[in-house]
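K.L.:
Okay, here's the structure, questions in a sec.
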Amino acid sequence: MFRASVAFAALLLAQAPALAHFQEIIPSADVLPEGGEVTLDLTFTHPMERGPVMEMARPKRVGALIDGKPVDLTSALTEKKLEGKTAWTLATKLDKPGAAVFFVEPQPYWEPAEKKWITHMAKVVVDSYASGEGWDKLAGLPVEIEPLTRPTGLWTGSLFRGIVRAKNKPVPFAEIEVEWANDGSVKAPNEAFITQKIKADQNGVFAYALPHAGWWGFAALIDGPAAKAPDGGPAKTELGGLFWVKATDFPATAAASAK
């Protein structure tokens, strides 16, 4: 009976849908009309379900491309606790016009349920002085999304397009997971609505219309090299290139005047 119970529990676990992991790098604003300070929060979590938060080791590096030049911001990181787990935050100033492409390369995270190491390299763009310039610069990450749509100043319903790249080359038919950073105002009707899934075309290009205001994360996932588990056994690796964009509702007054 004991063996049967263990087998049944294992079967249920195998049939349960895997929660999508997302490395968040969420700024206090996507556009700074007059420049100034921006704060970025780095959390490894399940955005649509509002958790649970996972332990995040100090990132290998955090930086930004400003005027097309890399700026190391790793030393600006401050540790914080969310749900008893480690997350990170930093603040920096943008005093010149132009988009800053922020990025984080975290330490690999061991996911025992999937027996794999997960490394999600995430990016977000903050446009200083609403310049509209420099938003498509690549950070040179092993896996990353190149935006084809300007990722700042997006209205709800806008179509976001991007190219999935690995080692700077497009990834044909790459799989992309999409989640909304839930603020608690929306409950998914069922599990099918938690993580949206799309595929890129033969050129690595994908598109997604943003249906609700707030922050949306796009996670392009590819298999990495074989590795060893903490116990020395075989393990898989998952490399993710993530990109975050914010959708803003069209002002009601402007919509009414257009009628």
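K.L.:
May I ask you to say which residue of A181, A200 is buried (at least 19 other Cβ atoms within 10 Å of the Cβ), small (G, A, S), under 18 Å from the mean Cα position of the chain (by Cα) and under 29 Å from R61 (Cα atoms)?
P.N.:
Criteria check complete, one pass: A200.
K.L.:
Can E105 be described as within 30 Å of G153 (Cβ to Cβ), at pLDDT 95 or above and within 18 Å of the chain's Cα centre (by Cα)?
P.N.:
Values: within 30 Å of G153 (Cβ to Cβ): yes; at pLDDT 95 or above: yes; within 18 Å of the chain's Cα centre (by Cα): yes.
Spelling it out, E105 is indeed within 30 Å of G153 (Cβ to Cβ), at pLDDT 95 or above and within 18 Å of the chain's Cα centre (by Cα).
K.L.:
Which ranges mark the strands (runs of 3 or more DSSP E) fully within the stretch 193-232 that have 2 or more residues being in contact (Cβ under 8 Å) with a residue 40 or more places away in the chain?
P.N.:
Values: elements: 196-199, 205-209, 214-223.
Ranges flagged: 205-209, 214-223.
K.L.:
Take the residues in the stretch 67-79 that are touching a strand residue (DSSP E or B) at 6+ places or on another chain (Cβ under 8 Å) and touching a residue at least 60 places away in the same chain (Cβ under 8 Å), then tell me which one is farthest from D127 (Cα to Cα). Don't jump to the end; show me each part of the working.
P.N.:
Taking the stretch 67-79 first, the residues touching a strand residue (DSSP E or B) at 6+ places or on another chain (Cβ under 8 Å) are 67, 70-74, 76-79.
Narrowing further to those that are touching a residue at least 60 places away in the same chain (Cβ under 8 Å): 67, 70.
Numbers: D67: 11, P70: 16 Å.
Selected residue: P70.
K.L.:
State whether one or more residues within the stretch 224-241 are farther than 15 Å from P47 by Cβ, in contact with a Leu (Cβ under 6 Å, 6 or more places away or on another chain), surrounded by 12 or more Cβ atoms within 10 Å (Cβ to Cβ) and at pLDDT below 95.
P.N.:
For the stretch 224-241, residues farther than 15 Å from P47 by Cβ, in contact with a Leu (Cβ under 6 Å, 6 or more places away or on another chain), surrounded by 12 or more Cβ atoms within 10 Å (Cβ to Cβ) and at pLDDT below 95: present.
K.L.:
Answer yes if at least one residue in the stretch 237-259 is in a loop (DSSP other than H, G, I, E, B) and on the phi > 0 side of the Ramachandran plot, and no otherwise.
P.N.:
Within the stretch 237-259, none of the residues are in a loop (DSSP other than H, G, I, E, B) and on the phi > 0 side of the Ramachandran plot.
K.L.:
Out of curiosity, is L82 touching a residue at least 12 places away in the same chain (Cβ under 8 Å) and either exposed (fewer than 13 other Cβ atoms within 10 Å of the Cβ) or under 30 Å from G132 (Cα atoms) (or both)?
P.N.:
No: the conditions fail for L82.
K.L.:
Give just the number: which of (1) surrounded by fewer than 15 Cβ atoms within 10 Å (Cβ to Cβ); (2) within 22 Å of W216 (Cα to Cα); (3) of a type in the set (S, T, Y) does S75 not satisfy?
P.N.:
(2)
K.L.:
Please determine, by comparing only the residues of the stretch 34-65 that are within 27 Å of K137 (Cα to Cα) and without any contact (Cβ under 8 Å) to a residue 40 or more places away in the chain, which one is nearest to the chain's Cα centre (by Cα).
P.N.:
T45
K.L.:
Go through the stretch 33-65 and give me each residue that's hydroxyl-bearing (S, T, Y) and within 12 Å of A122 (Cα to Cα).
P.N.:
The one that is hydroxyl-bearing (S, T, Y) and within 12 Å of A122 (Cα to Cα): T43.
K.L.:
I'm checking my understanding of the structure. Among residues of the stretch 108-120 that are in contact (Cβ under 8 Å) with a residue 12 or more places away in the chain and outside any strand (DSSP E or B), which one is nearest to the chain's Cα centre (by Cα)?
P.N.:
P108
The values are calculated or read from the model by the stated rules, or taken from the named source; none is laboratory data. Note that the structure is predicted; figures quoted are calculated from it, not measured. Quick reminder, even Gly has a Cβ in these numbers, built from the backbone with ideal geometry, and neighbours come from all protein chains shown.
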